[in-house]
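Visitor: Pasting a structure here, questions to come.
Bear in mind these aren't lab numbers, they're just calculated from the coordinates by the rules spelled out. Computed from a predicted model, the values in this text were never measured in an experiment. Because the Cβ atoms are built from the backbone with ideal geometry, glycine has one as well, and the counts that use them run over all protein chains shown.
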Amino acid sequence: MKPYNQSNNNIPELLEKFDRVRSQTVKLTEPLERDDMMVQSAPETSPIKWHLAHTTWFFEKFILEKYDKSYVKLDKTFDYLFNSYYETAGNHIEKINRKTIAKPSLETVMKYREYVQNRIVDLFDKNKGSDEIYKLIVTGINHEQQHQELMLMDIKMNFFSSPYKTPYTDLEPDKAKASDLKFYEFNSGLREFGTSKSFHFDNESPVHKQYLNNFKIANRPVTNGEYIEFIEDRGYSKPQYWLSDGWDTVRSENWKMPLYWEKYNDIYYYYTMSSLREIDLNEPVVNISYYEADAFARWKNMRLPTEYEMEAAYNEINDYVDSNSMESNLYHPTVNNLNKFYRFSGVWEWTLSPYAPYPGYKTPEGPVGEYNGKFMSSQMVLRGSSCITPENHSRNTYRNFFHPYDRWQFSGFRLADDL
Ligand SMILES: [Fe+2]
C-alpha cells in the first residue's frame, strides 16, 4: 500500500468536505417527519431512510471492510439491506422492497452513519491510508452527492403522491422573463472530448476525438410556455412526432402533459417543492421524459443536441451563465434573462446520445466497475446539471443517464439542428 501522496492529496480539505457533505445529507431530511422517511411512492424511488443508510454502507463496504483490519461491523445484515446493485458485493434486497425495511430503526441508521463516519476519520488519523483510500473517499463523497439529488427527486415524488401535497420548502424562485431564444452556430471539425483531470467518473473518460458536422444549439432550454404550445397543438395525440416506444408509453401511461402537471379550467398547474401552483411560462420545462423532449423537437422540425454538441458548446462559449443549484434551497429551476448562453440551466438536459462507452473505455476493476459501466444499455445521456445538483458536483464532461421513459429526475432539454 502506497503512503499518502501529500503533494497531490489535500487531506484536511478532503476531511472537511467529507464532513460537510455527510452533514448536508442529514440537513436535507430536516423538513421531513419521521414517517416521511419510510415512503417509497414509486418503483424508481427509495425511502429516505434507505438513502441515509446506503450512502454509509458505501464507505463501510468499499473502504473500512477492506482497509481497516480492526473494523467491526455494527450489523452484518446491513450488507443485504443497504447494498443497492453491487452484485460482486453480495446479495441485496430487491429495490421495490426497500419500503419494508422497518428495522433497523431511523435511530439505528443515524447511529450507523456516525459510527462509520468516525471510523473513516480514524482511518486517516492512524495514517493507514493510501492514494487508493483517498480516491475511494473522494468517490464516496461524490456518490453521496448523487444520492442527495436522488433524495430530493424522491421527496418530490413522495409528497406529490400524497393528497396533502405537502410543501418541502417555503422558498420560491423570483419571477423573471426568459431570455429570447437564439442559436449559437458551430463549424464542423475534429474536437476533443472527455476528461482525465481531477475527479471524474470513469464514464467521462478516456479523452478522445470526435468529428462534428456544422450545427447550431439553443442558448437556453425550452420553457413551459413553449411546451404548452405543443400540448395545445394536441402534440400528445399526434403519433407522427413520437418514437414508437414513446408513442406506446404515451398511450399506456395516458400521458397528456409532463409529470407533476395538472389542468383545471384551462389553467395549467404543477407541483413544485414549494406548492401546487399555476405554471410560470418563463421557467424551463422540467420533469419530462426523453420521448417528450424528442417529440417536441420533431414538432418544431428540429432535433435534440448530441452529448458531443453540448460539450463542445460548454467548452467553446465563454460568455455563459449558470442557473441555481441545490445550495439555493429552491429545488426548482430559476429563470435568467441575461440573454447569455445558459450552461448549467437548472435542468438536466436530454441529448440525442445513447449512453454508451467512449472509445477506449475499459470497465474499471473493483466496485467502480459496477458504478457506471454496467448501465451502458438502453439509457440516454443527459448533460449539464440541475437545480438540485450540489454546486461543486457539476462539470462540462459529466454524463448523467436515465431511461427514455424516466421523468422523476429534474430533466428538460434544449433544441439544436444541423446547419
Ligand atoms: Fe448508490
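Visitor: May I ask for the angle, rounded to the nearest 10°, between helix 11-27 and the longest principal axis of the chain, with both axes built from Cα atoms and the value confined to 0 to 90°?
Guide: 60
Visitor: Something else: Can you list the chymotrypsin sites (Phe, Trp or Tyr not before Pro) in region 51-138 that are in a DSSP coil and have 14 or fewer other beta carbons within 10 angstrom?
Guide: Values: sites: Trp57, Phe58, Phe59, Phe62, Tyr67, Tyr71, Phe78, Tyr80, Phe82, Tyr85, Tyr86, Tyr112, Tyr115, Phe124, Tyr134; in loops: Tyr71, Tyr85, Tyr86.
Loop-located and lightly packed - Tyr85.
Visitor: Turning to a different aspect of this structure: How many percent of Cα pairs in region 11-161 exceed 29 Å? Walk me through the intermediate numbers first.
Guide: Details: 1625 of 11325 pairs.
Percentage above 29 Å: 14.
Visitor: Here is a follow-up. Mind pulling the angle between the C-alpha long axis of helix 106-125 and the longest principal axis of the chain? Nearest 10 degrees, somewhere in 0 to 90.
Guide: With rounding to tens, the tilt is 70 degrees.
Visitor: Based on alpha-carbon centroids, what's the gap between region 87-162 and region 389-409 in Å, whole number please?
Guide: Taking the Cα centre of region 389-409 as reference, the centre of region 87-162 is 19 Å away.
Visitor: Relative to the present Cα-Cα distance, how much length would full extension add between Glu327 and Lys362 at 0.36 nm per residue of separation?
Guide: Details: separation 35, 0.36 × 35 = 12.60 nm, distance 3.45 nm.
In short, 9.1 nm is gained.
Visitor: If you scale each eigenvalue of the Cα gyration tensor by 5 and take the root, what three semi-axes come out for the chain, rounded to whole angstrom and sorted largest first?
Guide: Numbers: eigenvalues 262, 141, 75 Å².
Ellipsoid semi-axes (Å, largest first): 36, 27, 19.
Visitor: Same structure, new question: Going by how many other beta carbons lie within 10 Å of each one, how would you line up Ser386, Ser323, Ser179, fewest first?
Guide: Values: Ser386 30, Ser323 24, Ser179 20.
Ordered from fewest to most neighbouring Cβ atoms within 10 Å, Ser386, Ser323, Ser179 come out as Ser179, Ser323, Ser386.
Visitor: OK, next. Work out which GluC sites (Glu not before Pro) in the chain are exposed loop sites (DSSP not H, G, I, E or B, at most 13 other Cβ within 10 Å) and give the longest gap free of them. Spell out each step's value before the answer.
Guide: Working: sites that count: Glu33, Glu94, Glu365.
Within the chain, the longest run free of exposed GluC sites (Glu not before Pro) spans 95-364.
Visitor: Helix-only mean residue ellipticity at 222 nm, the chain, DSSP H runs n ≥ 4 weighted -39,500 (n - 2.57), per residue, nearest 500. What is it?
Guide: On the way: 9 runs with 124 residues, N = 419.
Only helices count here, giving -9500 deg cm²/dmol.
Visitor: Here's another thing I want to ask about it. Enter the Cα centre distance for the pair region 285-305 and region 312-351, rounded to the nearest angstrom.
Guide: A separation of 18 Å, based on Cα centres.
Visitor: Which entries of Lys17/Lys135; Lys27/Lys49; Lys165/Lys256; Lys197/Lys340; Lys27/Lys156; Lys27/Lys111 have Cα-Cα distances beyond 18 Å here?
Guide: Numbers: Lys17/Lys135 13 Å; Lys27/Lys49 13 Å; Lys165/Lys256 21 Å; Lys197/Lys340 28 Å; Lys27/Lys156 16 Å; Lys27/Lys111 16 Å.
From Lys17/Lys135; Lys27/Lys49; Lys165/Lys256; Lys197/Lys340; Lys27/Lys156; Lys27/Lys111, over 18 Å: Lys165/Lys256; Lys197/Lys340.
Visitor: Against the longest alpha carbon principal axis of the chain, how many degrees, from 0 to 90 and to the nearest 10, is the axis of helix 48-59 turned?
Guide: Here the helix axis deviates by roughly 60 degrees.
Visitor: I'd like the Karplus ³J(HN,Hα) series for region 240-248: coefficients 6.51, -1.76, 1.60, θ = phi - 60°, whole numbers in Hz, and an x wherever there's a Gly or Pro.
Guide: Karplus values, whole Hz, x for Gly and Pro: 4, 8, 10, 4, 4, 5, x, 5, 4.
Visitor: Add +1 for every Lys or Arg and -1 for every Asp or Glu among the other residues with Cβ under 12 Å from the Cβ of Lys374, and state the total. All intermediate terms of the calculation are to be shown ahead of the outcome.
Guide: On the way: positive: none; negative: Glu87, Asp202, Glu370.
It works out to a net charge of -3.
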